[in-house]
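Contents: one structure, followed by commentary.
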Amino acid sequence: MSFRPTIKFCCQCGSPVKHAIPDDGDTRVRAICPSCGFVHYQNPLNVVGCIPVTDDGRILLCKRNIEPRWGKWTLPAGFMELDETTSEGAARETDEEAGAQIAMGRLFSVISVPRVGQVHLFYCARLLSESFNPGHETIEARLFEPKDIPWDELAFRTVSTTLQRYLDDRARSVEQVHNIDLL
């Protein structure tokens with residue numbers, strides 16, 4: 001499966017671009033400006049998030065107040081900013097979406113989603129408090145016992161995959177990093 005370039009105009013000079021393989025030994029189609037020669041590269045976006053868990057094993061989920069998938073449940077996550085590490089971004093998103101304070105743990109999953117040009121990274125996190133103050137992107141932040149997770153109401157496959165792997169690992173007392181390709 002190949003990602004199709006979406007750039008239509010050069011960011012340097014504003015001219016329409018052509019989509020072709022550059023003559024510099026590259027092997028992928030790029031947006032190339034025929035006027036100034038600038039080659040545009042499109043790279044995946046990183047989505048960073050947490051699996052926030054209480055000491056007694058309940059998991060924090062957020063009900064989305066934005067599209068896509070308004071009204072569906074998700075782990076707190078969002079796009080990484082340029083000036084932060086992946087774990088800093090995951091902590092920021094958890095604070096922004098749930099108003100939750102966490103102790104950051106280890107990396108849990110790296111999920112490539114080439115169809116949409118994204119890589120999702122989820123960290124384990126321990127909730128420091130059960131007091132939440134959801135931000136504008138969240139209708140509700142709620143703790144769930146694993147048996148009560150609303151599987152049919154989860155927003156994204158990356159979230160359901162991460163939660164299922166997390167619960168499987170927890171049941172087996174295994175700690176590992178999951179590298180997953182969702183095609």
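The values are calculated or read from the model by the stated rules, or taken from the named source; none is laboratory data. Computed from a predicted model, the values in this text were never measured in an experiment. Quick reminder, even Gly has a Cβ in these numbers, built from the backbone with ideal geometry, and neighbours come from all protein chains shown.
Quick test of your reading of the structure: residue 61 fulfils all but one of (1) buried (at least 20 other Cβ atoms within 10 Å of the Cβ); (2) not assigned by TED's automatic domain parsing to the domain that holds residue 126. Name the failing condition by number.
(2)
Filter the stretch 106-151 down to the residues that are basic (Lys, Arg) and either part of a strand (DSSP E or B) or touching a Leu at 6+ places or on another chain (Cβ under 9 Å) (or both) and list them by number.
Selection gives 106, 115, 126, 142.
Working carefully through the options 153, 97, 145, find the one that is of a type in the set (Asp, Glu) and within 30 Å of residue 6 (Cβ to Cβ).
97
State all residues of the stretch 168-180 that are in contact (Cβ under 8 Å) with a residue 60 or more places away in the chain, under 18 Å from residue 52 (Cβ atoms) and not in a loop (DSSP other than H, G, I, E, B); if no residue qualifies, say none.
170, 178
For residues that are surrounded by 15 or more Cβ atoms within 10 Å (Cβ to Cβ) and among the polar types (S, T, N, Q), scanning just the stretch 76-121, find the one that is nearest to residue 165 (Cα to Cα).
In this case the residue turns out to be 109.
Among the numbered criteria (1) closer than 14 Å to residue 59 by Cα; (2) aromatic (Phe, Trp, Tyr); (3) within 14 Å of the chain's Cα centre (by Cα), which single criterion is violated by residue 108?
(1)
Every residue in the stretch 118-174 that is in contact with a strand residue (DSSP E or B) (Cβ under 8 Å, 6 or more places away or on another chain) and among the aromatic types (Phe, Trp, Tyr), please.
Passing the criteria: 122, 123, 132, 144, 156, 166.
Could you list, in sequence order, all residues of the stretch 81-105 that are touching a residue at least 12 places away in the same chain (Cβ under 8 Å) and not in a helix (DSSP H, G or I)?
Result: 99, 100, 101, 102, 103, 104, 105.
Which members of the stretch 1-37 meet the condition of being over 28 Å from residue 84 (Cβ atoms), free of Cβ contacts under 8 Å to residues at least 40 places away in the same chain, assigned to a loop (DSSP other than H, G, I, E, B) and hydrophobic (A, V, I, L, M, F, W, C)?
Within the stretch 1-37, 10, 13, 17, 21, 29, 33, 36 qualify.
Go through (1) of a type outside the set (A, V, I, L, M); (2) over 30 Å from residue 7 (Cα atoms); (3) out of contact with any helix residue (DSSP H, G or I) (no Cβ under 7 Å at 6 or more places or on another chain) for residue 114 and report which single condition fails.
The one condition residue 114 does not meet is (2).
Any residue in the stretch 153-167 that is over 28 Å from residue 117 (Cβ atoms) and either of a type outside the set (Asp, Glu) or not in a loop (DSSP other than H, G, I, E, B) (or both)?
Yes: the stretch 153-167 contains one or more residues that are over 28 Å from residue 117 (Cβ atoms) and either of a type outside the set (Asp, Glu) or not in a loop (DSSP other than H, G, I, E, B) (or both).
Could you list, ordered by first residue, the pairs with Cβ atoms under 6 Å in which the first is in the stretch 115-127 and under 15 Å from residue 159 (Cβ atoms) and the second is outside any helix (DSSP H, G or I) and of a type in the set (Ser, Thr, Tyr), at least 6 apart or interchain?
Every condition considered, the pairs that remain are 119/112; 122/109.
From the list 131, 112, which one is touching a residue at least 60 places away in the same chain (Cβ under 8 Å) and either farther than 16 Å from residue 44 by Cβ or in the same structural domain as residue 167 (by TED's automatic domain parsing) (or both)?
None of the others qualify; the one that does is 112.
Given the options 140, 97, name the one that is charged (D, E, K, R) and in contact with a Lys or Arg (Cβ under 7 Å, 6 or more places away or on another chain).
After ruling out the rest, the residue left standing is 140.
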